[in-house]
Amino acid sequence: YNYCNWNPVIFVDPDGREAGDPLKVMKIRRMRLSNTFGMVRHRADGTLKPHQGIDYYAPQGTPVYAVKDGTIVDIGTQGDYGKTITLEFKQDDGTMAYAFYAHLSAQNVKVGQTVYEGDEIGLTGNTGNASNMKGEDEHLHFEYRTGGSNLGLGLKGRDNPNLIVDTKFEIDPNNSNKVVQVRPILEPKHKCILK
């Protein structure tokens, strides 16, 4: 057990559980804005196009973790996404949402299985349209889905994964094409009361 993933400056740890990140080491692929969520990519004609999640750099075979307590609702292979896992979880407001993991090499869970934040659920890979990516371009594609577990193309029914992970990124103030890791001040979830 490593307190706060060896990083007590960023994290608080009131219950000894894993940080709510899909990877142990969180880094955006090439630290480029175009590998984050939203209208951040360009078509050949220069018009903007959406990227539906965040691409976190991860060499093939890197363990992938549940970001929330929940239930595995889908395991499969889906075109450009390759091998995938979908985790359903309850949000603070009581609604259901989904963490979606893509380009995996291994899916180490079963549909219907209950998992807990920090449980290893699979391994990163180069399946789907990531099949030719090597080195710094190897990654986990991760989505936060609020509109259902199965969605079409575009941003509808999706939101920024920064909202559900502990390690967050924002635009680099010195280079608008790059991102930097945010160092938030987090309030503890539980407070000690002296009597």
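The values are calculated or read from the model by the stated rules, or taken from the named source; none is laboratory data. Just so it is clear, the model here is predicted, and its values are computed rather than measured. All Cβ positions, even for glycine, are placed from backbone atoms using ideal geometry, and neighbour counts span all protein chains on display. Ligands, DNA and RNA are excluded from the accessible area calculation, which covers all protein heavy atoms including side chains. Shrake-Rupley method; radii C 1.70, N 1.55, O 1.52, S 1.80 Å.
With a bin width of 10 angstrom, please list the P(r) values of region 64-113 as percents of all Cα-Cα pairs, from the 0 bin to the one holding the largest distance.
Taking all Cα pairs of region 64-113, the binned fractions are 27, 53, 18, 2 percent.
Counting other Cβ atoms within 10 Å, which trypsin sites (Lys or Arg not before Pro) in region 81-174 have at most 15 and lie in a DSSP loop? Before the final figure, lay out each step's value.
Working: sites: Lys83, Lys90, Lys110, Lys134, Arg145, Lys156, Arg158, Lys168; in loops: Lys110, Lys134, Lys156, Lys168.
Filter output for region 81-174: Lys110, Lys134, Lys156.
Cα gyration tensor of region 36-158, axes a ≥ b ≥ c as square roots of the eigenvalues: rounded (a/c below 1.5), prolate (a/b > b/c) or oblate?
Working: a/c = 2.01, a/b = 1.23, b/c = 1.64.
Because a/c hits 1.5 or more and a/b fails to exceed b/c, region 36-158 counts as oblate.
In the structure shown, do any of Lys49/Lys83; Lys68/Lys168; Lys24/Lys156 have a Cα-Cα gap over 25 Å, and if so which?
Lys24/Lys156
R0 = 22 Å: FRET efficiency of Arg30 with Ser105, Cβ-based, nearest 0.05?
The computed FRET efficiency comes out at 0.60.
Using a 1.4 angstrom probe, figure out how much accessible area region 21-153 has per residue, in square angstrom, rounded to the nearest whole.
So region 21-153 comes to 46 Å² accessible per residue, rounded to a whole number.
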